[in-house]
Amino acid sequence: MLNEGPIIDRLRAADRAHQKELGGSFFLKHLKLLWLLVIGGFAADVLLHLSPAWRLGLTISLILATLVLACTALYKAFGIRNRLEHIARLIESREECLGSSLINLLQLRDQANDSTRPAVTRDLAARAVANYGHTLEHLQLEELAKTGVIRRDLRLALLALVVFGVLLAAFAPVTRIELPRFADPFGDHPPYSLTRLEIVDPGPAGTNVLYSKGFVVRAAASGHRPK
């Protein structure tokens with residue numbers, strides 16, 4: 001059996017670094033959907049005055065969605081291991097001067113470990129692997145495997161967070177009412193009301209009011225129906 005040497009271990013480390021980047025990128029890309037769910041829940045409650053059961057369901061859905069997103073990202077980062085040929089091709093595509101040296105190294109490694117081949121062939125393949133390993137030992141494979149996509153996604157996620165915060169601050173009266181309604185769905189937290197009352201009688205011309213006599217005032221309601 002061929003002693004694979006540090007170059008193979010570094011390829012495996014490069015694959016782990018690449019997958020961690022993909023996992024972090026996946027989490028940051030989908031984090032914005034959670035914030036949209038919060039805003040959507042607030043908007044739905046403002047317009048429809050959701051029942052406690054609906055608000056509880058939305059809150060549980062948000063928690064479950066967060067857990068699913070986190071678990072999926074962790075699985076992508078730590079649970080997936082690619083074939084070494086995959087990460088070798090990725091590194092070669094990012095460092096053109098390598099040509100196909102990493103893939104050649106892996107193919108020769110397979111030949112050196114193939115017991116069905118003649119001993120001479122396996123010995124020559126092992127020597128070639130050792131030479132490749134010596135030639136490539138200066139490469140920072142872990143850094144070459146990182147595409148930098150996580151930095152871009154982090155910037156976009158921070159931008160989305162700023163927009164999310166600005167929206168909550170801009171509608172502060174709504175935010176102050178909606179937060180306790182979702183945090184404590186069955187508590188005594190009155191909804192945000194869009195009810196508008198307008199006096200229709202007496203009209204703009206007014207009316208005469210006699211001392212000690214009553215008169216009728218009629219109002220029309222729009223928006224949410226008063227309870």
Spelling out what I want: for every residue of the stretch 66-79, take phi, set θ = phi - 60°, compute 6.51 cos²θ - 1.76 cosθ + 1.60 (Karplus), and round to whole Hz; glycine and proline get x. 5, 5, 5, 4, 5, 5, 5, 5, 5, 5, 4, 6, 10, x
Contour minus Cα-Cα distance for Asp201 and Thr121 (0.36 nm per residue): 18.5 nm
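Find the percent of Cα-Cα distances in the chain that exceed 32 Å, and round it to a whole number. Mind dumping the intermediate values first?
On the way: 13726 of 25651 pairs.
That tail contains 54 percent of the Cα-Cα pairs.
Given R₀ = 30 Å, FRET efficiency for Leu161-Leu56 by Cβ-Cβ distance, to 0.05? Can you show the working numbers first?
On the way: r = 26 Å, r/R0 = 0.86.
It comes to 0.70.
How much length is gained on full extension from Tyr211 to Ala70, taking 0.36 nm per residue of separation minus their Cα-Cα distance? Kindly include the intermediate steps, with their values, before the conclusion.
Details: separation 141, 0.36 × 141 = 50.76 nm, distance 7.10 nm.
That works out to 43.7 nm of additional length.
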Hey, what's the Kirkwood Rh for the stretch 23-67 if you take every pair of different alpha carbons, in angstrom? 11.3
The stretch 183-225 and the stretch 98-138: distance between their alpha carbon centers, rounded to Å: 86
Grab the other residues whose beta carbon is less than 14 angstrom from that of Phe78, score K and R as +1, D and E as -1, and report the net. +3
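What number of lysine-lysine pairs in the chain show an alpha-carbon separation below 16 angstrom, given a sequence spacing of 8 or more or placement on distinct chains?
Working: Lys20/Lys29; Lys20/Lys76; Lys20/Lys146; Lys29/Lys76; Lys76/Lys146.
Counting lysine pairs in the chain gives 5.
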Relative contact order for the chain, counting Cα pairs under 8 Å that sit 6 or more residues apart, in percent: 29
Simple label model, 7 Å out from Cα along Cβ direction - Arg225 to Glu142, nm: 6.5
Over the Cα atoms of the stretch 95-227, compute the convex hull volume and normalise it per residue, giving Å³. 277
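Using Cα pairs closer than 8 Å and at least 6 residues apart in sequence, work out the relative contact order for the stretch 87-145, in percent. Please report the intermediate quantities before stating the final value.
Working: 39 pairs, mean separation 21.7, N = 59.
Result for the stretch 87-145 is 37 percent.
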In this structure, the FRET efficiency calculated for Leu48 and Arg94 from their beta-carbon separation, with R0 = 45 Å, to the nearest 0.05, is 0.30
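Using a 1.4 Å probe, what is the accessible area per residue for the stretch 101-221, in Å²?
Values: 8420 Å² over 121 residues.
Per residue, the stretch 101-221 has an accessible area of 70 Å².
For the stretch 56-127, what % of the accessible area comes from carbon and sulfur atoms, probe 1.4 Å? Intermediate results must be reported in sequence, preceding the final value.
Numbers: 2600 of 4390 Å².
Reported share for carbon and sulfur atoms: 59 percent.
The values are calculated or read from the model by the stated rules, or taken from the named source; none is laboratory data. In this text the structure is predicted, and so the values were computed from the model without any measurement. We place every Cβ from the backbone using ideal geometry, glycine too, and count neighbours over all the protein chains shown. Side chains are part of the model used for accessible areas, which takes the heavy atoms of the whole protein and leaves out ligands, DNA and RNA. Shrake-Rupley method; radii C 1.70, N 1.55, O 1.52, S 1.80 Å.
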